[in-house]
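Trainee: My structure is below; once you've seen it, I'll send some questions.
Throughout, read-outs are computed from the coordinates displayed, never taken from laboratory work. Not measured: the values here are computed from a predicted model.
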Amino acid sequence: MYRGILTVVLLLFHVAAWAQCAMCRATLENNVSEGDIGIAAKLNVGILYLFAMPYLLAVVIGFLWYRQSKRNAQKLAMAERIKNRIQSIHAR
């Protein structure tokens, strides 16, 4: 069910991405032919920004997940030590 919906959504966005690419190419060709390369440079920076953001987001989420799991592991270890200590006191 979800795979079908995801496939349809991805196909719809794929069509929109091709349309945007053609519009950007036409704008750049027009501006470069007139001698203005500033817009092309800005577009390249924008493309790199859009390219890097998902990876940066994945790294940040991964780091936060790792840090939270380390904290949980420390809490579990502390609880286990307390439990063992209490059991050793009761065993006396």
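Trainee: Helix 38-91 versus the longest principal axis of the chain: what is the Cα-based angle in degrees, 0 to 90, to the nearest 10?
Mentor: Helix 38-91 sits roughly 10 degrees off the main axis of the chain.
Trainee: Only one of the listed values, (1) 14, 24, 21, 18, 15, 8, 1; (2) 16, 49, 24, 8, 2, 0; (3) 12, 18, 20, 16, 12, 9, 7, 4, 1, 0, was derived from the coordinates as P(r) over Cα pairs in 10 Å bins from 0, in percent; which label is it?
Mentor: Answer by label: (3).
Trainee: Evaluate segment 53-92: find the radius of gyration of its Cα atoms, find its Kirkwood radius, and give the ratio Rg to Rh. Provide the component values of the computation, followed by the final result.
Mentor: Working: Rg = 17.4 Å, Rh = 12.3 Å.
Taking Rh as the inverse mean 1/r over Cα pairs, Rg/Rh reads 1.42.
Trainee: Between helix 2-33 and the chain, what is the angle of the helix's C-alpha long axis to the longest principal axis, kept within 0 to 90° and rounded to the nearest 10?
Mentor: Its long axis makes an angle of about 40 degrees.
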